[in-house]
Amino acid sequence: MPSSATVLNDLFAQEPGRVERWSVEAGGIWFDWSKTHVTESLLGDGVARLERADFDDWRQRLVRGAIVNETEGRAAEHLAERGTGATESVALARALRGRMHGLVEAVNAGLLGEIRHIIHVGIGGSGLGPKLLVDALGRDGVRYAVWVVSNVDGCALKEAFAHCDPHHSLLVVASKTFTTIETMLNAASVLEWMEEAGVDDPHGRVVAVTADPDKALEWGVDETRVLPFTETVGGRYSLWSSIGFPVALALGWDAFEQLLDGAAAMDQHFIAADPARNAPVIAALIDRYYVEQAACQTRAVFAYDERLRFLPAYLQQLEMESNGKSVDHAGRPLMVPSAPITWGGVGTDAQHAVFQLLHQGRVMVPVEFLAVIEPGHDLDENHHLQLLSNCLAQASALMTGRVSDDPARAYAGNRPSVTILLDRLDPATLGALIAFYEHRTFVNAVLIGNNPFDQFGVEWGKQLARQIGDGGTGGMDASTVALAKRIGL
Ligand code: F6P
């Protein structure tokens, strides 16, 4: 099985200050890497590799708004949404945010009717961010109930319809390209649902969030209700832009601003901190160690907090769509493995399902534990005590292992984990956490040598789906032809 020759328990014995050395506080978040195989030598090699990969230059390019997405000839300007970047990009982001703020106030003032429900239709980066944020931060009450609908399966939309009143719903169509089939079909079906219910002027209840405003106008959205964002903000990096519209509606404008402020704090840390104390840099160097030297093909994220249940799905898109590539910037085959598979769930549920393999399976999976010190509820404090005790216990058990005469009851140990501890789950801290993951993904990309900002790997399947949907399986493989025939396509 993939393993590491270094023994974690030995590292603790050899380095008395190990916990302090390999813990960092940034953006109000505590990161503890002491239970990974990180050493000064691993860090030193990693920093030298960053130099060879021109990391400082790449980071500067990202921060300045220069082209980093070479296959599409674009900058990646999600930092500009948080106030860092080319002056004109920061000014544009601010202006577009001002426009969004105006529309939030118009909805709050009832100018679009008496709105109680928001149906946010968007997929991938146009849906996962709002879904995570509203679920994580909106549990103590929201101004509007938000339903994020992504799947083209009508069952997803039916579920939203069952909870929303067509006469009091606002449809937000979120699509960077405004061409994504799932989103456009779902949006059309929401309009039909409103029409069938006798809503006066359903089109007057639509807000479009897009980087292609002309397409939204063509689709029939009034110019006053189009919230543009810039082409240089990628889908999986877009929750800071007008894609966050339902978040600002549900949680309030101040919360949305705090989210951006928290991300900005993490941006400053990423830009200024020495590599030896830089959270995204350390995390990425350790990521690479496990993929490249310990041959780990996956990494797991377990949030010991129900409010973060959608974080693993969010990270799957961020990390796998960004760094699941085979070629470098110049189109040459990569010399190192691409991103590992990100997967995960919530604790303690996952303990009763998948942790068996993590403790005793013949694969090594670097685990990331997330926990929040302040509980998100006011029930018996034993709930939180149990939750956090289990989180710490799992990490400790994975590392220390246990000797037993009975092989079935023995734990090999030496299984690494990171613990990420938040004091509380508020907009600023969550903003910082998400920005940390963005930067870590970027550092990984520089080390791998790939472009983290394109996603051509998803295009071919879309094209074939269109072909099959149009009844054309001609020229396709025999299995697909037979299945299509059986289904009646
Ligand atoms: O198919 C992948 C993808 O392009 C993602 O990168 C993106 O977040 C998602 O689809 C949705 O795209 P859009 O916002 O253009 O509808």
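The values are calculated or read from the model by the stated rules, or taken from the named source; none is laboratory data. Predicted model only: the values in this text are computed from it and were never measured. Note that we place each Cβ from the backbone using ideal geometry, even for glycine, and neighbour counts take in every protein chain shown. Note: accessible area is taken over every heavy atom of the protein model, side chains too, but ligands, DNA and RNA are not part of it. Shrake-Rupley method; radii C 1.70, N 1.55, O 1.52, S 1.80 Å.
Number of residues in segment 214-240 that are over 23 Å from F256 (Cα atoms) and either assigned to a helix (DSSP H, G or I) or not aliphatic (A, V, I, L, M) (or both): the value is 9. Could you say which residue among Q463, Q455 is open to solvent by less than 80 Å² (accessible area, probe 1.4 Å), of a type outside the set (D, E) and closer than 30 Å to S322 by Cβ? So the residue among Q463, Q455 that is open to solvent by less than 80 Å² (accessible area, probe 1.4 Å), of a type outside the set (D, E) and closer than 30 Å to S322 by Cβ is Q455. Checked against (1) assigned to a helix (DSSP H, G or I); (2) closer than 26 Å to V346 by Cβ, D140 passes all but a single condition, namely (1). Restricting to segment 177-198, count the residues that are within 15 Å of the ligand (Cβ to nearest atom), under 15 Å from V209 (Cβ atoms) and of a type in the set (V, I, T). Going through segment 177-198 one residue at a time, the tally reaches 4.
Conditions tested, residue by residue: (1) farther than 24 Å from G65 by Cα; (2) within 13 Å of the ligand (Cβ to nearest atom); (3) within 16 Å of the chain's Cα centre (by Cα).
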residue	(1), (2), (3)
H203	yes, no, no
T210	no, yes, no
L217	yes, no, no
L239	no, yes, yes
G244	no, no, yes
A248	yes, no, no
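Taking the condition of being open to solvent by 20 Å² or more (accessible area, probe 1.4 Å) and either over 16 Å from N278 (Cα atoms) or under 24 Å from the mean Cα position of the chain (by Cα) (or both), how many residues in segment 25-40 meet it? Matching residues across segment 25-40 total 6.
For segment 81-95, state whether one or more residues are touching a strand residue (DSSP E or B) at 6+ places or on another chain (Cβ under 8 Å) and either more than 24 Å from P228 (Cα to Cα) or in the same structural domain as I282 (by TED's automatic domain parsing) (or both). Among the residues of segment 81-95, not one is touching a strand residue (DSSP E or B) at 6+ places or on another chain (Cβ under 8 Å) and either more than 24 Å from P228 (Cα to Cα) or in the same structural domain as I282 (by TED's automatic domain parsing) (or both), which makes the answer no. Of all residue pairs spaced 6 or more apart or on separate chains, those with beta-carbon atoms under 7 Å, a first member in segment 104-128 that is in the same structural domain as S150 (by TED's automatic domain parsing) and closer than 20 Å to D165 by Cα and a second member that is β-branched (V, I, T) and part of a loop (DSSP other than H, G, I, E, B) are V107/I115.
So, in segment 127-140, of the ones that are open to solvent by less than 10 Å² (accessible area, probe 1.4 Å) and over 14 Å from E306 (Cβ atoms), which residue ends up nearest to the ligand (Cβ to nearest atom)? It comes out as G127. Mind checking which residues of segment 275-315 are assigned to a strand (DSSP E or B), within 30 Å of A48 (Cα to Cα) and either outside the structural domain of L422 (by TED's automatic domain parsing) or small (G, A, S) (or both)? Selection gives A300 alone.
Residues that are away from the ligand (no atom under 16 Å from the Cβ) and without any contact (Cβ under 8 Å) to a residue 24 or more places away in the chain: does segment 454-467 have at least one?
Our first condition is that a residue be away from the ligand (no atom under 16 Å from the Cβ); within segment 454-467, this holds for 467.
Okay, now just the ones that are also without any contact (Cβ under 8 Å) to a residue 24 or more places away in the chain, so 467.
Scanning segment 454-467, I find at least one residue that is away from the ligand (no atom under 16 Å from the Cβ) and without any contact (Cβ under 8 Å) to a residue 24 or more places away in the chain, so the answer is yes.
Could you say whether any residue in segment 162-176 is open to solvent by 40 Å² or more (accessible area, probe 1.4 Å), more than 15 Å from the ligand (Cβ to nearest atom) and either touching a Leu at 6+ places or on another chain (Cβ under 9 Å) or in a strand (DSSP E or B) (or both)? No, segment 162-176 has no match at all. Which one is farthest from the ligand (Cβ to nearest atom) among residues in segment 307-320 that are over 10 Å from the mean Cα position of the chain (by Cα) and open to solvent by less than 60 Å² (accessible area, probe 1.4 Å)? Once the filter is applied, the top-ranked residue is R307.
Residues in segment 301-360 that are aromatic (F, W, Y), more than 23 Å from G234 (Cα to Cα) and in contact with a strand residue (DSSP E or B) (Cβ under 8 Å, 6 or more places away or on another chain): 2 in all.
Table: residues versus (1) under 22 Å from the mean Cα position of the chain (by Cα); (2) open to solvent by less than 20 Å² (accessible area, probe 1.4 Å); (3) at pLDDT below 95.
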position: S4; (1), (2), (3): no, yes, yes
position: G17; (1), (2), (3): no, no, no
position: E20; (1), (2), (3): no, no, no
position: S23; (1), (2), (3): no, yes, no
position: R52; (1), (2), (3): no, no, no
position: A95; (1), (2), (3): no, no, no
position: L103; (1), (2), (3): no, yes, no
